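Computed from the coordinates by the stated procedures, all read-outs in this text should not be read as laboratory data. Everything numeric here is computed off the predicted structure, so don't read it as measured data. Note that each Cβ is placed from the backbone with ideal geometry, even for glycine, and that neighbours are counted across all protein chains shown.
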Amino acid sequence: MMAALRASTPVDAPAIGVATPAGIDAWMEVAQAGEVMIYARRAFVTGSSGAARMRALADRGLVELSQRRCELDPSLFQYRARRTSVPSALTRPGRSKLVLELTPVMADEAAAIDALLPVLTRTAQYSRPCPTNKQLAELSGLTLDTIKPALEAMVAARLILIAGVAAPTSRRVTILSNGWQTGFAR
């Protein structure tokens, strides 16, 4: 039905009925400023609910109405509405799409994450204080210099959140897949 209401409708088509108020409202939801809708192709449109709806929209400044003769049948008029740029509650709001930017994980980072995540998960499962980098290196079998980049990669990959807290704990880790958190040192 929308295709019949758009400006792409052939100029010299035979007579059509008047668009319904529901069809007009559907066009108003998607119409951009300057788009034209041929809402009737007949000799006159008085007394129809579609024409009354178009006149009401024109009174609010949402459309500009015009008519012109059909080229094939000069006894008929094309009744046209051009959408103005006046905002309307009928217009469907444009929303930006949320896009999750995934950070690629390198193979060496993946290996470090695979070794480190189970250690952090066990610690968080029992609400134990987060181990230091040196303790994480010992428990995971990684070198000390790979711990910080591995933690940063896990944050970037949205596997964990790290919140800084007061000493001696220094940080609190939340495992995002299950919500477990490491505890505080007492």
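Here are some notes:
- Taking amide H positions as modeled 1.01 Å from N, with prolines and chain starts lacking one, the residues under 5 Å from ILE160 and 5 or more places away or on another chain are VAL155, LEU176.
- Separation of alpha-carbon centers, segment 108-133 and segment 18-39, rounded to whole Å: 58 Å
- A cut-off under 12 angstrom between Cβ atoms defines the neighbours of LEU57, and their net charge, with Lys, Arg +1 and Asp, Glu -1, is +2.
- Acute angle (nearest 10 degrees) that the helix 49-59 long axis makes with the longest principal axis of the chain, alpha-carbon atoms: 70 degrees
- DSSP-loop GluC sites (Glu not before Pro) across segment 42-125, with at most 14 other Cβ within 10 angstrom: GLU71, GLU101
- If the chain linking LEU176 and ASP145 were pulled fully straight, counting 0.36 nm for each residue of separation and taking away their Cα-Cα distance, it would gain 8.7 nm.
- Estimated [θ] at 222 nm from DSSP helical runs (n ≥ 4, -39500 (n - 2.57)) normalised by residues in the chain, nearest 500: -10500 deg cm²/dmol
- Modelled this way, with points 7 Å down the Cα-to-C-beta line, the labels at LEU98 and GLN135 are 3.5 nm from one another.
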